[in-house]
Amino acid sequence: MSPDLKHRSASVKWLVGVVALAALVVAAALDTKVLSPQQVAALNPPAFNAESYAADRFPKVTALIKEKAVDLAVLAAAVGSDQAAAGEKYGQDLGSGNFAFPVKATGTVEEVADGFLLLAVPDVPKDAVVRVAVGPAVSGTPVRDATGTIKFGDFTDQTDYQSVANQFKLQIQKTVLAGLDTSSLKGKQVTVHGAWSTGGPPKSFLIQPVAVEVAP
């Protein structure tokens, strides 16, 4: 092959390569989807914020607990008779035979000590202990669990799920207990709406409050 033909052949190959590369670039460009800022945000959601979630949901949870609350005298009798049946009728199944209940109790404050109100509630068995958590260490997760509207499957992992319960406790501190003068409550009648879960000592009712009303 003459040098001239070799040169032409190389030029043709180079041109074919350029055309093929250009075709690939055009195809890639046509196949590329330009996303709007909203679509980009949807693909990259912000990290879960338990504080804002709890602040938004706590009023709704409070309203539901008040709406569904079972009188403690009724609940105590039902749980004492058949805890599983009481849980199915009034509560939310937590697994392992335990349940969370929305509850209402009206009684007289017998004692205020160690972050709890000790209540005497009519028609609740005399050997039962009824306490309302009013101190800085509100423990447990019954408020999160008692309505059945907040499920583990709603969250990415256990950390977020537990964080919601912790933030609900802070909401209780801010919105329920901050304005409550517990030192003046002994001997007074109070009505408490809140949540209680089984799993503690028998005949012990530790209520996590979402509302506390003090009779005049």
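In a residue-by-residue description of segment 81-91, the property of being touching a residue at least 40 places away in the same chain (Cβ under 8 Å), closer than 30 Å to PRO46 by Cβ and in a helix (DSSP H, G or I) applies to no position.
Take LEU119 and tell me if it is touching a Lys or Arg at 6+ places or on another chain (Cβ under 9 Å), at pLDDT 95 or above and closer than 28 Å to LEU180 by Cα. Answer is yes for this residue. The number of residues in segment 151-172 being among the aliphatic types (A, V, I, L, M) and within 10 Å of the chain's Cα centre (by Cα) comes to 2. Can you tell me which residue within segment 173-216, out of those that are more than 21 Å from the chain's Cα centre (by Cα), free of Cβ contacts under 8 Å to residues at least 24 places away in the same chain and outside any loop (DSSP other than H, G, I, E, B), is farthest from GLU110 (Cα to Cα)? For segment 173-216, the residue satisfying everything is GLU213. Sub-7 Å Cβ pairs linking a first residue in segment 54-67 that is surrounded by fewer than 19 Cβ atoms within 10 Å (Cβ to Cβ) to a second residue that is in a helix (DSSP H, G or I) and at pLDDT 95 or above, at least 6 apart or interchain, are ALA55/GLN171, ordered by first then second residue.
The values are calculated or read from the model by the stated rules, or taken from the named source; none is laboratory data. Bear in mind that the values here come from a model prediction, so they are computed numbers and not experimental data. So basically every Cβ, Gly included, is an ideal-geometry build from the backbone, and we count neighbours across all protein chains shown.
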